[in-house]
Amino acid sequence: MNTQTLYDKLWNDHVVRQENDGTALIYIDRHLVHEVTSPQAFEGLKLAGRKLWRTESILAVADHNVPTTGRAQGITDPIARLQVETLDSNCAEFGVNEFKMNDLRQGIVHVVGPEQGSTLPGMTVVCGDSHTSTHGAFAALAFGIGTSEVEHVMATQCLLMKKNRAMQVLVDGVLGTGVTAKDVALAVIGKIGTAGGTGFAIEFAGSAIRGLSMEGRMTLCNMAIEAGARAGMIAVDDTTVNYFKGRPFAPQGETWDKAVDYWRTLHSDAGAVFDAVVTLNAAEIKPQVTWGTSPEMVVAVDGCVPDPATMTDPVKREGAERALQYMGLVANTPITDIAVDKVFIGSCTNARIEDMRAAAAVALGKKVTVKQALVVPGSGLVKAQAELEGLDKIFIEAGFEWRDPGCSMCLAMNDDRLSPGERCASTSNRNFEGRQGQGGRTHLVSPQMAAAAAIAGHFVDISKQ
Amino acid sequence: MDKFIKLDGLVMPLDRANVDTDAIIPKQFLKSIKRSGFGPNAFDEWRYLDHGEPGMDNSSRLINKDFVINFRRYQAASVLLARENFGCGSSREHAPWALEDCGFRVIIAPSFADIFFNNCFKNGLLPIRLPAEQVDDLFRAVDTHIGYKLLVDLEGQTISTPDGVVYPFEVDAFRKHCLLNGLDDIGLTLQHVDAISAYEAKHRAAQPWL
Ligand code: SF4
């Protein structure tokens, strides 16, 4: 059999050597680095007297800890400052290309990589961050790694791993009005569960996926990890190729043509066999809202908070009961009756220019009624583009706060966070307990849904507006 | 890395599914640039009633007496018994660092999230998958026996209960070898420098834009 999945092709192209038990040494083309998961790796290298194998493969940027206001004053939290300074000094010492906090190109690592053309089709891409799956949108094999592996890649340009099984998630049809890649991602997780993709590399395919922009595809692959899969990926098509034209790190001239010829081969062959196939009908997907403390606890916006009493699996039931208690929700409440206190539009899931445009279109001429609504662009370049288009003014006039780029309230390592009991409509990717601040209650939604909630003060069905 | 060969360890049950790495070690502690010292803040939001920040004196904080890590009977536990999808979410290796710092060397669960599972092996922690029914049995046994211990034998790939039940488990041969010998992955990979260089030259020639 000569038919291969996209995953087979990417995998086979990067095997350096293979052990009998299936463990392979896989070559890594691009290594993205941020301040939180790298200091111990750099320290490990220094202690062992090891060098970087390929310095040019690394691109570093501080994103998790950076403030989103008043950057001119630097970072006030001394522990966070030390971590960012440690990244700066490690990059200087090892000669690593770094976008520093006040560089226009700084931003969330998963927004910055593709934006610079630093992530390209056919590459293996790693980062000490689970949402590295984002880069699979470009038909790259991209996955998150731990700090020991960060050090391993730094020292050897390789990783030891075993091949996963391949899952195809097939979404055919046309998405309805107001239904986005985020809703597709949540619907997939709702269907297969947060462990449904464990042990798999997921390829998203089907006409609805081909219809998505690169931004939408990144949103979808970003959340592959929330379905338990380490990697998500999408085949190359014109949308992929066009995205890279003129990007700083992308090839040019003759090399460009050669690269494109190769990139065009990056798709699953007709008849390629997957270990599992999941299908969804795009037309049936509605805007999604999570109600609990795991991304699989999700329903359509026109639905209700589920009733744990109807759940037969005792572990599930107990989990749902605990989640409702934490979330301060009562079973059977209509989702659109849930009032929110804060809104966060940002994160590596939904802070690209298209997300900014979608949220601004909802906010145009309206007024925010919630306590606080933050818009945090994914990078300095996204911010600049949005300002060029006047989106910042739309947000500010509507009462949103327009911030500097970073992870911000996605994980609340800086000052942007929820207070105990506060309820947030968030475009990020995790609704875990305490994720956005201890005791904070997170509902994951698309940018349109978040902006609409900021205005109405509760969830609204954007597809009916 | 410390070797792992055999362990006769006290078991602590953590009866929740989908325990994520944010719960194992909340983000404010990730600001540390060290690998150690995360133990007192493992499960911080569940084990204390007040909000924890790095640098606090944890011994003077308000303890949540209802959270299992604070039960006297589990104080010396080195085996963590858990539910489905343990370690999901963020890739932070601070999670296994924190668990190890608390004294855990083995985690038993029906399933683990991939990145966490990998990270454990890099830190001398042994994650073991057992069928859900066996995990259920163990939860029941720990609950009813104070001082319940399990004998975990990596060489023989078995877990033995005090009443003589033996559960076999699977472990990847390479990872087993590394754990048994306390081997450092980087050192092993660097034995293949020539293969890596040869691959690299070929790869670069085929895809010169990389
Ligand atoms: S935006 Fe959130 S999920 Fe993405 S890298 Fe930052 S902290 Fe992680």
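The values are calculated or read from the model by the stated rules, or taken from the named source; none is laboratory data. Model, not experiment: these values are computed from the prediction. Positions of Cβ are backbone-derived with ideal geometry, glycine not excepted, and every protein chain shown enters the neighbour counts.
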Within segment A:125-162, restricting to residues that are hydroxyl-bearing (Ser, Thr, Tyr) and within 10 Å of chain B (Cβ to nearest Cβ), the one that is nearest to residue A:38 (Cα to Cα) is A:147
Checking A:349, A:312 in turn, the sole residue that is within 16 Å of the ligand (Cβ to nearest atom) and part of a loop (DSSP other than H, G, I, E, B) turns out to be A:349
Here the residues within segment B:193-202 that are closer than 16 Å to residue A:12 by Cβ and over 36 Å from the mean Cα position of the chain (by Cα) are B:202
Taking segment B:5-41 and keeping residues buried (at least 18 other Cβ atoms within 10 Å of the Cβ) and in a helix (DSSP H, G or I) leaves B:21, B:22, B:23, B:24, B:27, B:28, B:29, B:30, B:31, B:40, B:41
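Out of A:270, A:235, I need the residue that is small (Gly, Ala, Ser) and within 19 Å of residue A:133 (Cα to Cα). Which one? Let's see the steps before the verdict.
Details: A:270 fails: within 19 Å of residue A:133 (Cα to Cα).
The unique qualifying residue is A:235.
Taking the condition of being within 9 Å of another protein chain (Cβ to nearest Cβ) and farther than 29 Å from residue A:178 by Cβ, how many residues in segment A:406-432 meet it? If you could, list the steps in order and put the result at the bottom.
Of the residues in segment A:406-432, the ones within 9 Å of another protein chain (Cβ to nearest Cβ) are A:411-413, A:420, A:430, A:432.
From the residues that got through so far, the ones that are farther than 29 Å from residue A:178 by Cβ too are A:413, A:420.
Of the residues in that region, 2 qualify.
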Of (1) in contact (Cβ under 8 Å) with a residue 12 or more places away in the chain; (2) crowded, with 16+ Cβ neighbours inside 10 Å; (3) more than 14 Å from chain A (Cβ to nearest Cβ), residue B:160 satisfies every one except (1)
Residue pairs within 6 Å by beta carbon, gap of at least six or interchain, first lying in segment A:282-311 and modelled with pLDDT of 95 or more, second of a type in the set (Lys, Arg), listed first then second, are A:300/A:286; A:308/A:317; A:311/A:317
Inspect segment A:382-394 for any residue being touching a strand residue (DSSP E or B) at 6+ places or on another chain (Cβ under 6 Å) and among the aliphatic types (A, V, I, L, M) and give the result as yes or no.
no
Within segment A:386-428, the residues that are within 20 Å of residue A:222 (Cβ to Cβ) and more than 15 Å from the ligand (Cβ to nearest atom) are A:386, A:425
Quiz item: Is it fair to say residue A:327 is hydrophobic (A, V, I, L, M, F, W, C) and away from chain B (no Cβ under 14 Å)?
Solution: yes
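State all residues of segment B:91-110 that are part of a loop (DSSP other than H, G, I, E, B) and buried (at least 24 other Cβ atoms within 10 Å of the Cβ); if no residue qualifies, say none. Before the answer, list the steps.
Step one: list which residues in segment B:91-110 are part of a loop (DSSP other than H, G, I, E, B), which gives B:91-93, B:102-105, B:110.
Those that are part of a loop (DSSP other than H, G, I, E, B) and buried (at least 24 other Cβ atoms within 10 Å of the Cβ): B:91, B:92, B:93.
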Note on residue A:37: of the conditions (1) away from the ligand (no atom under 16 Å from the Cβ); (2) over 17 Å from residue A:100 (Cβ atoms); (3) crowded, with 20+ Cβ neighbours inside 10 Å, unmet is (1)
For segment A:95-109, check the following and say yes or no: at least one residue is outside any loop (DSSP other than H, G, I, E, B), closer than 23 Å to residue B:209 by Cα, among the hydrophobic types (A, V, I, L, M, F, W, C) and away from the ligand (no atom under 14 Å from the Cβ). yes
Given (1) touching a residue at least 40 places away in the same chain (Cβ under 8 Å); (2) surrounded by fewer than 21 Cβ atoms within 10 Å (Cβ to Cβ), residue B:84 misses just (2)
Of the listed residues (A:386, A:359), the one being closer than 15 Å to residue A:425 by Cβ and crowded, with 18+ Cβ neighbours inside 10 Å is A:359
| query | So is residue B:201 of a type in the set (A, V, I, L, M), more than 8 Å from every other protein chain (Cβ to nearest Cβ) and either surrounded by 14 or more Cβ atoms within 10 Å (Cβ to Cβ) or under 19 Å from residue A:56 (Cα atoms) (or both) or not? | reply | yes
Looking across segment B:42-56 at residues that are at the interface with another protein chain (Cβ under 10 Å from one of its Cβ atoms) and surrounded by fewer than 15 Cβ atoms within 10 Å (Cβ to Cβ), the single one that is farthest from residue A:194 (Cα to Cα) is B:55
Exercise. Would you be able to say whether some residue in segment A:24-33 is at the interface with another protein chain (Cβ under 9 Å from one of its Cβ atoms), out of contact with any strand residue (DSSP E or B) (no Cβ under 8 Å at 6 or more places or on another chain) and not β-branched (Val, Ile, Thr)?
Key: no
When every residue in segment A:167-185 that is crowded, with 24+ Cβ neighbours inside 10 Å and small (Gly, Ala, Ser) is compared, the one farthest from the ligand (Cβ to nearest atom) is A:181
Residue B:196 fails exactly one of (1) exposed (fewer than 13 other Cβ atoms within 10 Å of the Cβ); (2) among the hydrophobic types (A, V, I, L, M, F, W, C); (3) at the interface with another protein chain (Cβ under 8 Å from one of its Cβ atoms), namely (1)
Margin query: Take the conditions over 21 Å from residue A:71 (Cα atoms) and at pLDDT 95 or above and apply them to residue A:337. Does it pass?
Written below: yes
Note on segment A:352-379: residues within 16 Å of the ligand (Cβ to nearest atom) and not in a helix (DSSP H, G or I) are A:352, A:374, A:375, A:376, A:377, A:378, A:379
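Kindly evaluate residue A:382 against the criterion of being more than 14 Å from the ligand (Cβ to nearest atom), at pLDDT 95 or above and over 26 Å from residue B:51 (Cβ atoms).
Details: more than 14 Å from the ligand (Cβ to nearest atom): no; at pLDDT 95 or above: yes; over 26 Å from residue B:51 (Cβ atoms): yes.
Criteria not met by residue A:382.
Do you know which residues across segment B:67-90 are β-branched (Val, Ile, Thr) and part of a strand (DSSP E or B)?
Pass one, segment B:67-90, residues β-branched (Val, Ile, Thr): B:68-69, B:79.
Correct list: B:79 only.
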Of the residues in segment A:43-74, those that are assigned to a loop (DSSP other than H, G, I, E, B), within 13 Å of chain B (Cβ to nearest Cβ) and away from the ligand (no atom under 16 Å from the Cβ) come to A:49, A:50, A:51, A:52, A:53, A:54
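Quick one: is residue B:133 within 13 Å of chain A (Cβ to nearest Cβ), surrounded by fewer than 21 Cβ atoms within 10 Å (Cβ to Cβ), of a type outside the set (S, T, N, Q) and outside any strand (DSSP E or B)? Step through it out loud before you land on a result.
On the way: within 13 Å of chain A (Cβ to nearest Cβ): yes; surrounded by fewer than 21 Cβ atoms within 10 Å (Cβ to Cβ): yes; of a type outside the set (S, T, N, Q): yes; outside any strand (DSSP E or B): yes.
Spelling it out, residue B:133 is indeed within 13 Å of chain A (Cβ to nearest Cβ), surrounded by fewer than 21 Cβ atoms within 10 Å (Cβ to Cβ), of a type outside the set (S, T, N, Q) and outside any strand (DSSP E or B).
Within segment B:57-73, can you find the residues that are crowded, with 16+ Cβ neighbours inside 10 Å and either under 23 Å from residue A:418 (Cα atoms) or acidic (Asp, Glu) (or both)?
Going residue by residue through segment B:57-73, those that are crowded, with 16+ Cβ neighbours inside 10 Å are B:61, B:64, B:68-69.
Listed by number, the residues that qualify are B:61, B:64.
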Pairing a residue in segment A:323-337 that is without any contact (Cβ under 8 Å) to a residue 60 or more places away in the chain and closer than 13 Å to residue A:290 by Cα with any residue that is exposed (fewer than 15 other Cβ atoms within 10 Å of the Cβ) and not acidic (Asp, Glu), where Cβ atoms lie under 8 Å and the two sit 6 or more apart in sequence or on different chains, gives A:324/A:330
